[in-house]
Amino acid sequence: EDQVTQSPEALRLQEGESSSLNCSYTVSGLRGLFWYRQDPGKGPEFLFTLYSAGEEKEKERLKATLTKKESFLHITAPKPEDSATYLCAVQAEDYKLSFGAGTTVTVRA
Amino acid sequence: KAGVTQTPRYLIKTRGQQVTLSCSPISGHRSVSWYQQTPGQGLQFLFEYFSETQRNKGNFPGRFSGRQFSNSRSEMNVSTLELGDSALYLCASSLSSPQDTQYFGPGTRLTVL
């Protein structure tokens, strides 16, 4: 069965304090790994798709990387508006998306 | 371009009733997927529709069903509601290929009393 584990569950950062979120996975035939951001009461907002080990994607203060067993989401010099729950999802060979439980990031000014 | 829209945004029902939720995908998107999100189980895949046909299905009981119309709009139905069906129901649309990125709507918050 496909499994996605995100750590830590919660992360409290000071504004400007860089950190990384982890997403480890076991999946049969990875087709893609997705990162989403979700604010309270809203649907997930798409951030990145990674398809193969070694791939990296960047957007503003966020950078996602992928290895054969895990993905990292690096947040550089975060601001309070980066506070959200970050969700990782893997798409298996049957095209189904399996989501991790998420990491809730709180950035204090 | 307008995003994915879902109606209603909030719904309160009692056990045993049935409910229908609606989703309008992004213009030009032909695939619609449905998810259930709860604090305990997280986001779980319900089913996916493409060209009015169910293309993929998660592990939910038959009380959960859906359909898609020729304009790609989709509806999800839950019959004989149980307390455990209380959740945020999310709809996501994508272009056409199963590998295309899915874009989510704001969700429908269903409370079963």
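The values are calculated or read from the model by the stated rules, or taken from the named source; none is laboratory data. These figures come from a predicted structure and were not determined experimentally. Here Cβ is always computed from backbone atoms with ideal geometry, including for glycine, and neighbour counts include all displayed protein chains. Surface accessibility is based on the protein's heavy atoms, side chains included, excluding ligands, DNA and RNA. Shrake-Rupley method; radii C 1.70, N 1.55, O 1.52, S 1.80 Å.
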Criterion violated by residue A:41 - all others in (1) within 10 Å of the chain's Cα centre (by Cα); (2) at positive phi satisfied:
(1)
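Picking from A:19, A:7, which residue would you name as being of a type outside the set (Asp, Glu), open to solvent by less than 50 Å² (accessible area, probe 1.4 Å) and touching a residue at least 12 places away in the same chain (Cβ under 8 Å)? Spell out how you get there, then give the answer.
Values: A:7 fails: open to solvent by less than 50 Å² (accessible area, probe 1.4 Å).
The match here is A:19.
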Has the range A:90-101 got at least one residue that is more than 11 Å from chain B (Cβ to nearest Cβ), open to solvent by less than 40 Å² (accessible area, probe 1.4 Å), within 26 Å of residue B:56 (Cα to Cα) and not in a loop (DSSP other than H, G, I, E, B)?
yes
For the range A:58-81, state whether one or more residues are touching a Ser or Thr at 6+ places or on another chain (Cβ under 9 Å), within 11 Å of chain B (Cβ to nearest Cβ), part of a strand (DSSP E or B) and open to solvent by 20 Å² or more (accessible area, probe 1.4 Å).
no
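Can you list the strands (runs of 3 or more DSSP E) lying wholly within the range B:1-111 that have 1 or more residues being more than 9 Å from chain A (Cβ to nearest Cβ) and surrounded by 22 or more Cβ atoms within 10 Å (Cβ to Cβ)? Even if it seems obvious, please write down each step before you answer.
Details: elements: B:5-7, B:10-13, B:19-24, B:31-38, B:42-50, B:53-57, B:64-68, B:74-78, B:87-94.
Fully inside the range B:1-111 and qualifying: B:19-24, B:31-38, B:42-50, B:64-68, B:74-78, B:87-94.
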Filtering the range B:1-56 down to residues that are closer than 18 Å to residue B:78 by Cα and hydrophobic (A, V, I, L, M, F, W, C) yields B:11, B:12, B:19, B:21, B:23, B:32, B:34, B:43, B:45, B:46, B:47
Please go through the range B:28-44 and pick out each residue that is in contact with a Phe, Trp or Tyr (Cβ under 6 Å, 6 or more places away or on another chain) and without any contact (Cβ under 8 Å) to a residue 24 or more places away in the chain.
B:42
